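Only one structure is covered here, and it is reproduced in the block below.
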Amino acid sequence: MPTFVYMTRCDGCGHCVDICPSDIMHIDTTYRRAYNIEPNMCWECYSCVKACPQNAIDVRGYADFAPLGHSVRAVRDEEKGVIAWRIKFRNGKKDLSLLAPITTKPWGKYIPQLRDVPAPTQEQRDSQYLYNEPKYIRMDDGGIHTLETNGLKIVEGVQY
Amino acid sequence: MFASNPFAALTETISAEMIQGYVILMAILVVGMTIYDMIHKKSAKYFFAKAKQAEANRVRELGAGDKIGIAVKVATVDVATAGEFCNPMRRISHMLMMWGFILFIVSTVALTFAYTGEAPAIVAQLWHLGAIMVMVGGYWFWFFIRVDVSAEAVSLFRIVQADLFILSLLGTTTFGLLWSIMQSKGDAMWTTIFLALFIISATFLFGGVLWSKFAHMFFKPAAAFNKRVIKADGSRENLPEDFDLTSSEIQKRYPDIPEYMGTNPSYMGLGIKREKPKHY
Ligand code: SF4
Ligand code: SF4
């Protein structure tokens, strides 16, 4: 289910409008509050939810991680370097708290040194692959990567 | 010019009682319409239903002392200094309007009830200062800060019902000030015209509470109080807890954090708040 805005909380700051990759968060010209103009096109990517300083945006997550209408709320707190999630089951019984540190590198710290990377060959240019594929999607070392093949398992708590 | 009571000269044509009657009528309209609005929109009912719902998620009970502390914070941070605004320009403009309006109203009551004739210069000066503060904050808002104007490039002159409040507020203060100026200049015609416009816009301002956002002055503090209560009692409207990555308790609960980030995770910068939203 796409995003929706609690109008009483939104103050029309525009952060959600700025960040939405689908460009579907807009400022309503009558009420001056944000709203999703094209719910069908929402990726439920949570970008706007995390960007909203007033926690005014809510969204029901995909059924695979929030089945049966669980409530999923997220807060991104740059000051504390935290992205916190809370998933509450519909019967109110199970209440999951997930926490991940913000791992975006500090601004200006990591600049890709593209000039050091060898220029693509003609063959690479003619290929249908994107830059550094298949290396970056790791198809070159055989098979599709899954949690299992990477020796990972889902745990409650911090997840990567 | 700003030191004389503009209402004093008015008593030569309209009796002081009539002026006072008008002020009382406006006050009744504001109170009555706010209450009607609350009943009609069921906002109070919604507010209490939400509070009841939050009870189930509470982690701690708040005592009377906590609630008083929260009320003081609401009064000093949320109301007096408009602390909820992220945008400093909007915050300053809002404070100019709010404090200007309070000055304007309080001094109007003083000038029409306490001093029907000549008033102490300071009271009249505060009346004029209030009007000017509202005008500075209000015109700044109207021309530069209104979100649909600055963000969605809507025409400056597009007027919708949501503008009833700001326009009647600006009308009241602007025409009030112009009326006072013309009166002190002794220009009878313009004095009458601006007085009429002043009364018309004030009637729209106070009589239009039901259709404008006037009542936000009363609803906002209630919402701010509620916002602080749900934080303090831990119900948080289902929002995640307030985590601190450097707290040893949190690191024990989520051992991956010290493993990946160390015990004192570095500050990653302001992220999206690094710059003011403007790309839309
Ligand atoms: S969830 Fe993502 S796609 Fe949907 S409105 Fe928000 S930012 Fe846009
Ligand atoms: S980020 Fe939040 S407060 Fe700002 S416009 Fe969007 S919904 Fe409203």
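Observations on the model:
- Taking region A:1-17 as the range and being open to solvent by less than 50 Å² (accessible area, probe 1.4 Å) and either modelled with pLDDT of 95 or more or not polar (S, T, N, Q) (or both) as the test, the residues that pass are A:P2, A:V5, A:R9, A:C10, A:D11, A:G12, A:C13, A:G14, A:H15, A:C16, A:V17.
- Flag if B:T174 is open to solvent by 50 Å² or more (accessible area, probe 1.4 Å) and hydroxyl-bearing (S, T, Y): no
- Region B:167-190 - residue that is touching a residue at least 40 places away in the same chain (Cβ under 8 Å) and of a type in the set (A, V, I, L, M) and, of those, nearest to the other protein chains (Cβ to nearest Cβ): B:L169
- Candidates B:A124, B:A119, filtered to the one that is crowded, with 19+ Cβ neighbours inside 10 Å and not in a helix (DSSP H, G or I): B:A119
- The residues of region A:10-40 that are more than 8 Å from chain B (Cβ to nearest Cβ) and among the aromatic types (F, W, Y) amount to a single one, A:Y35.
- Candidates A:Y31, A:Y35 - the one that is in a loop (DSSP other than H, G, I, E, B) and either within 28 Å of B:S150 (Cβ to Cβ) or within 14 Å of ligand 1 (Cβ to nearest atom) (or both): A:Y31
- For region A:18-27, filtered to residues that are open to solvent by less than 30 Å² (accessible area, probe 1.4 Å) and touching an Asp or Glu at 6+ places or on another chain (Cβ under 8 Å), the residue that is farthest from ligand 1 (Cβ to nearest atom) is A:I27.
- Taken over region B:260-272, residues that are open to solvent by 70 Å² or more (accessible area, probe 1.4 Å) and either touching a residue at least 12 places away in the same chain (Cβ under 8 Å) or more than 9 Å from chain A (Cβ to nearest Cβ) (or both) amount to 2.
- The requirement of being in contact (Cβ under 8 Å) with a residue 60 or more places away in the chain and of a type outside the set (S, T, Y) is not satisfied by B:V31.
- The listed residue being open to solvent by 80 Å² or more (accessible area, probe 1.4 Å) and in contact (Cβ under 8 Å) with a residue 12 or more places away in the chain, out of B:E84, B:E61, B:E12, B:E17: B:E61
- The residues on offer are A:G69, A:G81, and the sole one that is away from ligand 2 (no atom under 12 Å from the Cβ), at the interface with another protein chain (Cβ under 9 Å from one of its Cβ atoms) and either more than 28 Å from B:A162 (Cα to Cα) or not β-branched (V, I, T) (or both) is A:G81.
- Scanning region A:41-66 for residues that are more than 10 Å from chain B (Cβ to nearest Cβ), surrounded by 15 or more Cβ atoms within 10 Å (Cβ to Cβ), over 20 Å from B:L270 (Cβ atoms) and at pLDDT 85 or above gives A:C42, A:E44, A:V59.
- Subset of region B:199-221 [surrounded by fewer than 17 Cβ atoms within 10 Å (Cβ to Cβ) and among the hydrophobic types (A, V, I, L, M, F, W, C)]: B:I199, B:I200, B:L210, B:W211, B:M217, B:F218
- Here the condition is being among the aliphatic types (A, V, I, L, M) and buried (at least 18 other Cβ atoms within 10 Å of the Cβ); of B:L111, B:L129, B:L156, it holds for B:L111 alone.
- Residue pairs meeting the criteria (Cβ under 6 Å; at least 6 apart or on separate chains; first touching a residue at least 12 places away in the same chain (Cβ under 8 Å), in region B:118-132; second of a type in the set (S, T, Y) and surrounded by fewer than 19 Cβ atoms within 10 Å (Cβ to Cβ)): B:A124/B:S4
- Per-region count, region B:222-259, residues part of a loop (DSSP other than H, G, I, E, B), within 8 Å of another protein chain (Cβ to nearest Cβ) and open to solvent by less than 20 Å² (accessible area, probe 1.4 Å): 5
The values are calculated or read from the model by the stated rules, or taken from the named source; none is laboratory data. All values derive from a computational prediction rather than experimental measurement. Because the Cβ atoms are built from the backbone with ideal geometry, glycine has one as well, and the counts that use them run over all protein chains shown. Only protein heavy atoms, including side chains, enter the accessible area calculation; ligands, DNA and RNA are left aside. Shrake-Rupley method; radii C 1.70, N 1.55, O 1.52, S 1.80 Å.
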